[in-house]
Each structure stands twice: as C-alpha cells, then as structure tokens.
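Right, one structure below, let's go through it.
What follows is calculated from the coordinates using simple rules that are stated; it is not laboratory data. These numbers come from a predicted model, not from an experiment. FYI the Cβ positions are ideal-geometry reconstructions off the backbone, even for glycines, and counts take in every protein chain you see.
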Amino acid sequence: MSMSVSLKTAAASAPGQWFGEGGRSWLDRLPRFADAMAEVARALSESLGALSASPGEVRFRDATASRVDELLDRGGPPAIFVLAQAAGWNATIAFRIGQPFVSVMVQAMFGACEDDVEIPEHGLLSPVERRIAEILAEHVAEALARGFSDILPSAFAVEPIKAKPDPSRLGKPNVVLTVATLVMRSIGPPVEIEVIVPQQALEAFDEELSALGEDAAKADPHWSERLGSEVSRTRMKLQARLTLPPMRLGDLARLKVGQMLPFATGAGGEAILSSGGTDLFRCELGQTGGLYSLRVGEDIAGPSPHKDD
C-alpha cells in the first residue's frame, strides 16, 4: 500500500494566537523552529504514507502558546497525551493525539474512501485506539528526530501511555509551553496532532534556532554537495590566443583581408588559454591526429586586462 503525499507549509500564525506579549516575538526570533517543524511534517507524511492506502498530506499549521495547567481544559474531542523524553533538550515533551486523528488513520489504513469515513461521537478511547495512538506517537518521534537533526540533538524516547495523563511532568502549572500543530488531510475532515514542548527548553537553543544562513559551518552538506556538482557541470567557453612571430610596423600596416599569416606548431609555439576574460594557462601549441592541440602548462594567476573579441 502507498500514500502519495505533499507538503504545504502554512504562513506564520497571527499574533493573537500567541500567549501573552512575548510569544510572537519568540517565534520571530527563532525562525528555524518553524522550518524544522515543516521538515517534521514532511517526514511524518512519508512515514504515515507507508501505513495507508489513501492519499494524504501532513503540514505544519502554526505554533501557539499555552500553560501546563491549561492542557487538560482545551476542549474538543477526547485526546491521548503521550509523553516522550528529549534528553538532548533536557526536557519532557508530549504529543496530543485526538480521537479523530486515530479514527481517520485507522480507516485510511484499511482503504476507506472519502464517502465511507465516519468520525465517532466523543466517547472513551478504546484499548485498541490507545495502542494505535502509541504507534502513531512513535512515528511522530521519528519525524521530530528527522526534522531537527540538522540543528538540535534529536533523540526522543516515547513512554508507554498512561490511563490518566500527568501534565505536571512537563513542568509547574504556570510553565509556558509551545504547542506546534500538525494537520493531516487524508480522507474525511482534517485532523490534528499537537507537539508540546516547554518553551524554556527551546529558548536554550537560541543560537541554533536563530536566523538561517548566518553560520556557513552549519550548511546542509547534501545541498552543498549538490550545488558543487551542478556548478562543476556548467559549460564555459574557452579561448586560445596565439603568440605570432614579431612583425615590422611597415609589414603590419600593409596587411590585407585574406592574407595568410604563418605560425609555428612545433616545439616553442605558445598560446594563452582563457575563459570569461581571465587568463588561465600558458599552453604549448602542436598537432595531434591531424588536429591542432594545446598542451596545458603553467597556470596564470589573476585576471587578464584583455577583453574577449
């Protein structure tokens, strides 16, 4: 079974979606968090695609702020909180997987069509739904590891699901949390998974999550290699300038169109190889297989003052 996927990264969330005055400025200051979450969405699309027979996509929608004491009062359909240890972040994080997400995923796995999808009324989650949520949490953890691998420590250990969630594992009641929402569009209505991280854990990585492109040492090696490969295949026009025997000024003044000028092709004949107006090498002019040829010799440093004809 296969699942075709695409990624659409949502625009930054509106200022009102952030808790208090500092949330929005935090996301602006650390833009690589949003970029990493977009990569998480891409990785999760691929991962869940291997489980499903229906086309779909996962995208990063936004990042909002909440507090630990608000987590269990968010309303909506029942949800499963799965805790995971982020040792490199020195934090416990959580995934909030709603019952609609579990239901849609189960139906997509068994090849349900758009018209066949049924989202159950709110109710208690069954043991089977909890087990599936636990599997989904493992996929989210793997996607997080892939999405953040280039910028942050990315090892996440998912804990077994508890019958009763314990938000205090994330911090004290007033601890501010970053809630990143991933939306899956498959069959039926869009469904969500939330990745919940203590904001303080992310703020410890201000430098790593700050503006893109400021540290060349952290450039993506894959793209660097690809760029180098593309540049090396670029076609460049070469020019060769011959060194002709000296002529008297009077002979030079009597040159006419169509006149033949002999030049040496044996040892000692010299040409300058250039490209784009820059002299590259001194070459020895000769013949090979009936064709004129250049043997590359001494390299020439620095640009040449001449211009191409």
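A few notes on this one:
- Highest average first, the peptides 61-68, 34-41 ordered by how many other beta carbon atoms sit within 10 Å of their residues are 34-41, 61-68.
- Gained length - ALA240 relative to SER275, 0.36 nm times residue gap less alpha-carbon distance: 11.7 nm
- For the range 134-147, Karplus couplings with θ = phi - 60° (6.51, -1.76, 1.60), whole Hz, Gly/Pro x: 5, 5, 4, 4, 4, 5, 5, 4, 5, 5, 4, 4, 6, x
- Site pair ALA87 and ALA155 shows an inter-label distance of 0.3 nm when each label is modelled 7 Å from Cα along Cα→Cβ.
- Amide hydrogen neighbours beyond the local backbone of LEU280, cut-off 5 Å, H modeled: LEU273, SER274, SER275
- The phi-based Karplus calculation (6.51 cos²θ - 1.76 cosθ + 1.60; θ = phi - 60°) puts the 3J(HN,Hα) values of the range 228-245 at x, 5, 5, 4, 5, 8, 5, 7, 10, 7, 10, 10, 10, 9, 8, 9, 8, x Hz, whole numbers, x for Gly and Pro.
- Summed residue charge, Cβ within 13 Å of ILE135's Cβ, Lys/Arg positive, Asp/Glu negative: -2
- With each label modelled as a point 7 angstrom along the Cα→C-beta vector, the GLU46-GLU230 pair spans 1.9 nm.
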